[in-house]
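Here the structure comes first, spelled out in structure tokens, and everything after it is commentary.
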Amino acid sequence: MSAKTHITLNTGALMPIVGLGTWKSAPNKAGQAVEYALTEALYRHIDCAAIYQNEKEIGQAFKKVFSGNTLKREDVFITSKLWNSAHRKNEVRVACEKTLSDLNLEYLDLYLMHWGIATPSHWAIPTNGGQEAEYDEHGILVMEKIPIRETWEAMEELVRAGLVKAIGVANFTAPMLIDILTYATIPPAMNQIEIHPYFQQTRLIEFCQSKKIAVTAYSPLGSPGNFVAKGLPAVLEDEVINKIAQVHQKTNANILVRWAMQRGTVVIPKSITPERIKENTDVFDFELSDSEMIDIATLDRKLRFLDPYVWGKIPYFD
Ligand code: NDP
Ligand code: 1BO
């Protein structure tokens with residue numbers, strides 16, 4: 001089998017290649033999902049974020065699991081993310097400490113800058129189309145004038161202070177990475193970006209990996225619960241994926257997760273459903289052939305489900 005169970009970050013740390021996503025996991029379900037994933041489904045990697053508004057509930061699950069006899073804190077790789085409204089130098093540590101307190105943790109394995117966009121402190125979450133946010137007279141999301149450098153340097157301080165083991169970014173394009181690499185004293189360990197067969201980002205993955213920046217594939221199942229995905233082609237139901245799944249006697253979701261792994265990316269499918277949580281890690285006992293990988297490569301249709309233009313009229317990726 002060519003896919004590994006872990007990747008090695010540029011810090012030397014090992015990161016489990018499959019993790020559990022938690023975006024849109026309702027607070028009253030998120031904790032149970034994480035507990036189930038860690039105790040029943042053998043996950044050793046959980047992907048969180050302050051903006052998902054469920055870190056307190058996930059923190060209860062961590063407390064329960066880590067106070068038992070089976071798993072210790074150091075057995076699990078935990079990521080969280082700095083939200084756009086805490087990019088100022090003096091806000092970064094406060095935000096990280098709040099996440100640590102909510103998650104009941106002493107440290108994070110990885111802390112990501114969620115987007116390269118800074119917004120006013122009072123701005124809330126765009127989970128339902130962005131209605132809570134503030135827009136200018138052109139309908140564009142109101143932003144703060146904070147250079148990414150200021151935020152990154154404050155994140156580097158978190159590593160020095162021992163609050164986080166590694167830092168990285170999410171949703172960064174190649175020019176943003178090229179820029180950050182000119183001044184970073186701690187280069188990003190990770191770029192977490194949208195990747196699935198309908199949006200493959202092959203060139204960005206190649207670029208990141210050439211710079212020793214690992215890549216995590218988010219929305220690997222095509223984010224079916226995301227309001228933006230409604231009415232668009234569903235990668236989980238794709239005919240080619242379906243045929244390959246039948247050949248291997250696996251589910252379509254298994255094929256999508258395995259495909260991400262075989263491309264050398266970390267992959268973080270989200271689910272709050274116990275059977276699916278388990279199903280999404282049933283990916284270590286088969287291998288996609290070269291010709292199957294080529295068939296999946298032809299499915300790319302540049303279909304992005306997460307786009308700040310949709311919720312903020314910001315042509316971030318154009
Ligand atoms: P995914 O592509 O992981 O899809 C999640 C959806 O698929 C949920 O509705 C889930 O339903 C359903 N699902 C899960 N497993 C299966 C299965 N085996 N069969 C059928 N349906 C299934 O979408 P996300 O957008 O949530 O991405 C995954 C994670 O990536 C996020 O949760 C988050 O942690 C991260 N992320 C990061 C972003 C960033 O900006 N850095 C942006 C977007 C995501 P149910 O839960 O009801 O089972
Ligand atoms: C804007 C949504 C972020 C999900 O990670």
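Since residue 318 meets every condition but one in (1) free of Cβ contacts under 8 Å to residues at least 40 places away in the same chain; (2) assigned to a helix (DSSP H, G or I), which condition does it not meet?
(2)
What are the residues in the range 276-289 that are open to solvent by 90 Å² or more (accessible area, probe 1.4 Å) and either in contact with a strand residue (DSSP E or B) (Cβ under 8 Å, 6 or more places away or on another chain) or closer than 21 Å to residue 198 by Cβ (or both), if any?
Of everything in the range 276-289, just one residue is open to solvent by 90 Å² or more (accessible area, probe 1.4 Å) and either in contact with a strand residue (DSSP E or B) (Cβ under 8 Å, 6 or more places away or on another chain) or closer than 21 Å to residue 198 by Cβ (or both), namely 276.
Within the range 246-262, is even one residue β-branched (Val, Ile, Thr), more than 24 Å from residue 44 (Cβ to Cβ) and either in a helix (DSSP H, G or I) or within 16 Å of ligand 2 (Cβ to nearest atom) (or both)?
Yes, the range 246-262 contains a residue that is β-branched (Val, Ile, Thr), more than 24 Å from residue 44 (Cβ to Cβ) and either in a helix (DSSP H, G or I) or within 16 Å of ligand 2 (Cβ to nearest atom) (or both).
Hey, any hits in the range 48-65 for a residue that's part of a helix (DSSP H, G or I), touching a strand residue (DSSP E or B) at 6+ places or on another chain (Cβ under 7 Å), in contact (Cβ under 8 Å) with a residue 40 or more places away in the chain and closer than 14 Å to residue 164 by Cβ?
Yes, the range 48-65 contains a residue that is part of a helix (DSSP H, G or I), touching a strand residue (DSSP E or B) at 6+ places or on another chain (Cβ under 7 Å), in contact (Cβ under 8 Å) with a residue 40 or more places away in the chain and closer than 14 Å to residue 164 by Cβ.
Scan the range 293-303 and give yes if some residue there is within 13 Å of ligand 1 (Cβ to nearest atom), open to solvent by 50 Å² or more (accessible area, probe 1.4 Å) and farther than 19 Å from residue 242 by Cβ, otherwise no.
No, that holds for no residue.
Among (1) within 13 Å of ligand 1 (Cβ to nearest atom); (2) open to solvent by 40 Å² or more (accessible area, probe 1.4 Å); (3) among the aromatic types (Phe, Trp, Tyr), which single condition is residue 309 missing?
Checking residue 309 against (1) within 13 Å of ligand 1 (Cβ to nearest atom); (2) open to solvent by 40 Å² or more (accessible area, probe 1.4 Å); (3) among the aromatic types (Phe, Trp, Tyr), the one that fails is (1).
From the residues in the range 3-42 that are under 15 Å from the mean Cα position of the chain (by Cα) and hydroxyl-bearing (Ser, Thr, Tyr), which one is surrounded by the fewest Cβ atoms within 10 Å (Cβ to Cβ)?
25
Collect the residues in the range 206-225 that are outside any loop (DSSP other than H, G, I, E, B) and open to solvent by 10 Å² or more (accessible area, probe 1.4 Å), keeping them in residue-number order.
206, 207, 209, 210, 214, 218 - these are the residues of the range 206-225 that are outside any loop (DSSP other than H, G, I, E, B) and open to solvent by 10 Å² or more (accessible area, probe 1.4 Å).
Return the residues of the range 82-99 that are crowded, with 21+ Cβ neighbours inside 10 Å and more than 16 Å from ligand 2 (Cβ to nearest atom); say none if nothing qualifies.
92, 96
Those residues that are more than 19 Å from the chain's Cα centre (by Cα) and aliphatic (A, V, I, L, M), I need them from the range 217-254; list them, please.
Scanning the range 217-254 gives 232, 234, 240, 241, 244, 245, 247.
Taking the range 66-81, which residues are open to solvent by 10 Å² or more (accessible area, probe 1.4 Å) and of a type outside the set (Phe, Trp, Tyr)?
Residues satisfying the conditions are 67, 68, 69, 70, 71, 72, 73, 74, 75.
Residue 277 versus (1) farther than 12 Å from residue 18 by Cα; (2) within 15 Å of ligand 1 (Cβ to nearest atom); (3) β-branched (Val, Ile, Thr): which is the lone unmet condition?
Going through (1) farther than 12 Å from residue 18 by Cα; (2) within 15 Å of ligand 1 (Cβ to nearest atom); (3) β-branched (Val, Ile, Thr) one by one, residue 277 breaks only (1).
Tell me, yes or no, whether the range 230-237 has at least one residue that is open to solvent by 30 Å² or more (accessible area, probe 1.4 Å) and touching a helix residue (DSSP H, G or I) at 6+ places or on another chain (Cβ under 8 Å).
So far as the range 230-237 goes, yes, one or more of its residues are open to solvent by 30 Å² or more (accessible area, probe 1.4 Å) and touching a helix residue (DSSP H, G or I) at 6+ places or on another chain (Cβ under 8 Å).
Quick test of your reading of the structure: residue 110 fulfils all but one of (1) within 15 Å of ligand 1 (Cβ to nearest atom); (2) farther than 13 Å from residue 158 by Cβ; (3) at pLDDT 95 or above. Name the failing condition by number.
Evaluating residue 110 over (1) within 15 Å of ligand 1 (Cβ to nearest atom); (2) farther than 13 Å from residue 158 by Cβ; (3) at pLDDT 95 or above leaves (2) as the failure.
What do you reckon, is residue 213 within 15 Å of ligand 2 (Cβ to nearest atom), touching a strand residue (DSSP E or B) at 6+ places or on another chain (Cβ under 7 Å) and of a type in the set (A, V, I, L, M)?
So residue 213 fails the test.
Applying the selection to the range 226-245, what residues are free of Cβ contacts under 8 Å to residues at least 12 places away in the same chain, in a helix (DSSP H, G or I) and within 14 Å of ligand 1 (Cβ to nearest atom)?
Scanning the range 226-245 gives 242, 245.
Take residue 99 and decide whether it is at pLDDT 95 or above and β-branched (Val, Ile, Thr).
yes
The values are calculated or read from the model by the stated rules, or taken from the named source; none is laboratory data. Everything numeric in this text was worked out from a predicted model, so none of it was measured. Ideal geometry is used to build each Cβ from the backbone, glycine not excepted, and the neighbour counts take in all protein chains shown. Remember, those area values only see protein heavy atoms, side chains included, never the ligands or the DNA or RNA. Shrake-Rupley method; radii C 1.70, N 1.55, O 1.52, S 1.80 Å.
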